[in-house]
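Structure first, then comments.
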Amino acid sequence: MGSIAIFTDDPGWHGKQLVQAFAKRGYDSVYSSLTACKIQLEHEVLPIHIPGFELSLPDAVFVRGVPGGSLEEVVFYLDILHALKVLGVPVYNDGHAIERSVDKAMTSFLLQHHRIPTPPTWVLRDREDALALVEQELKNGQMVISKPLFGSQGEGIRRLEKMTDLLWLTGSQGVYYLQRFVECEGLGYSDHRVFVINGKAVAAMRRKGLSWLNNVARGAACEEIVLDSVMAELAVQAAQALSMSYAGVDIIRDKEGRYQVIEVNSIPAWKGLQSVCNISIADLLVEDLLMQLSRSGQSRLMAMA
């Protein structure tokens, strides 16, 4: 039986889904927290210590969560992921993919760099420049979204709608991430979540929010949709632009009928999506990771030949 480490501080529903999917394929799974891992560079011990894997490293790692913390703490967690990959342990998604998506500034830059339609975005340090930019957008009839550079599930996001809202403009540790608000087509508020695995869009849903925030964690309702080829290709391109094995890609269709990518998530939840689609997303994720594990094993055998 093989062994898989699932990095998470809150296994919950997603953790159970993964454990069951790995078990069906003959793999034991152990929950572990990146906060409890160590780098130990001494003779005759594993260079990376993972609780539950004291005698040997796991066959592969599934990353379900990277804790927040200081810059030093986050860098340390990513060091663990990078080191495991160097040691030949498949990491899903790997540290580089997580770095690109956890930092909204780099996500937006890479999307724009790869010519993927995404709303106009500004990331800057100076508060006066940020105020002037938002003021100009408002004068031009555009609302602006202010987001923390790091974060998920709609935490800390504000919509700046009028001049008095400038009083509440705050940065994320002194950095301002500002994005033009995109009004969706039709009535109410909605966007789309497309789940991409190994270069293929496997499932999608419409999220209808109670307000302009369409996160399921904020009460948005999930609706099944038929995924059209344009949205599917856009989601695949976004995942590839950030070099992700799998991703949750958030896409909005604006009032002119154009699709725009607003976020790409490297550690996406899929409970809401699973409730409206007829495939097992956990099974597909596990199959893809084990395929990577198989390729990794074949590469090591070839290197030894």
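The values are calculated or read from the model by the stated rules, or taken from the named source; none is laboratory data. Worth saying up front: this structure is predicted, and the values here are computed from it rather than measured. In this analysis, Cβ positions are derived from the backbone assuming ideal geometry, glycine residues included, and neighbour counts consider all displayed protein chains. When the accessible area is computed, the model is the full protein with side chains, heavy atoms only, and any ligands, DNA or RNA have been set aside. Shrake-Rupley method; radii C 1.70, N 1.55, O 1.52, S 1.80 Å.
The table that follows gives values for the structure above.
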{"quantity": "Inter-residue pairs, beta-carbon under 6 Å, first more than 20 Å from Pro117 (Cβ to Cβ) and in segment 257-279, second assigned to a strand (DSSP E or B) and open to solvent by 40 Å² or more (accessible area, probe 1.4 Å), 6+ apart", "calculated": "Val276/Glu224"}
{"quantity": "Scope segment 11-40; condition assigned to a helix (DSSP H, G or I), in contact (Cβ under 8 Å) with a residue 24 or more places away in the chain and over 19 Å from Ala269 (Cα atoms); matching residues", "calculated": "Lys24, Thr35"}
{"quantity": "Test: Ile251 is open to solvent by less than 50 Å² (accessible area, probe 1.4 Å) and over 30 Å from Met1 (Cα atoms)", "calculated": "yes"}
{"quantity": "Selection within segment 118-132 - crowded, with 17+ Cβ neighbours inside 10 Å and either assigned to a helix (DSSP H, G or I) or under 19 Å from the mean Cα position of the chain (by Cα) (or both)", "calculated": "Thr118, Pro119, Thr121, Ala130"}
{"quantity": "Among residues of segment 12-46, those that are under 20 Å from Val286 (Cβ atoms), crowded, with 17+ Cβ neighbours inside 10 Å and not aromatic (Phe, Trp, Tyr), counted", "calculated": "8"}
{"quantity": "Number of the condition not met by Ala83 [criteria: (1) under 19 Å from the mean Cα position of the chain (by Cα); (2) not in a loop (DSSP other than H, G, I, E, B)]", "calculated": "(1)"}
{"quantity": "Qualifying positions in segment 65-100 - open to solvent by 20 Å² or more (accessible area, probe 1.4 Å) and in contact with a strand residue (DSSP E or B) (Cβ under 6 Å, 6 or more places away or on another chain)", "calculated": "Ala83, Lys85"}
{"quantity": "Selection from segment 181-208 of residues that are open to solvent by 70 Å² or more (accessible area, probe 1.4 Å) and assigned to a strand (DSSP E or B)", "calculated": "Lys200, Arg206, Lys208"}
{"quantity": "Segment 139-168 - residue that is surrounded by 13 or more Cβ atoms within 10 Å (Cβ to Cβ) and among the aliphatic types (A, V, I, L, M) and, of those, modelled with the lowest pLDDT", "calculated": "Leu149"}
{"quantity": "Residue match in segment 88-98 (condition: in contact with a Gly (Cβ under 7 Å, 6 or more places away or on another chain), part of a helix (DSSP H, G or I) and not β-branched (Val, Ile, Thr))", "calculated": "no"}
{"quantity": "For Pro51: the one exception among (1) in a loop (DSSP other than H, G, I, E, B); (2) closer than 21 Å to Tyr246 by Cα", "calculated": "(2)"}
{"quantity": "Of the criteria (1) under 17 Å from the mean Cα position of the chain (by Cα); (2) at pLDDT below 95; (3) surrounded by fewer than 21 Cβ atoms within 10 Å (Cβ to Cβ), which one Val226 fails", "calculated": "(1)"}
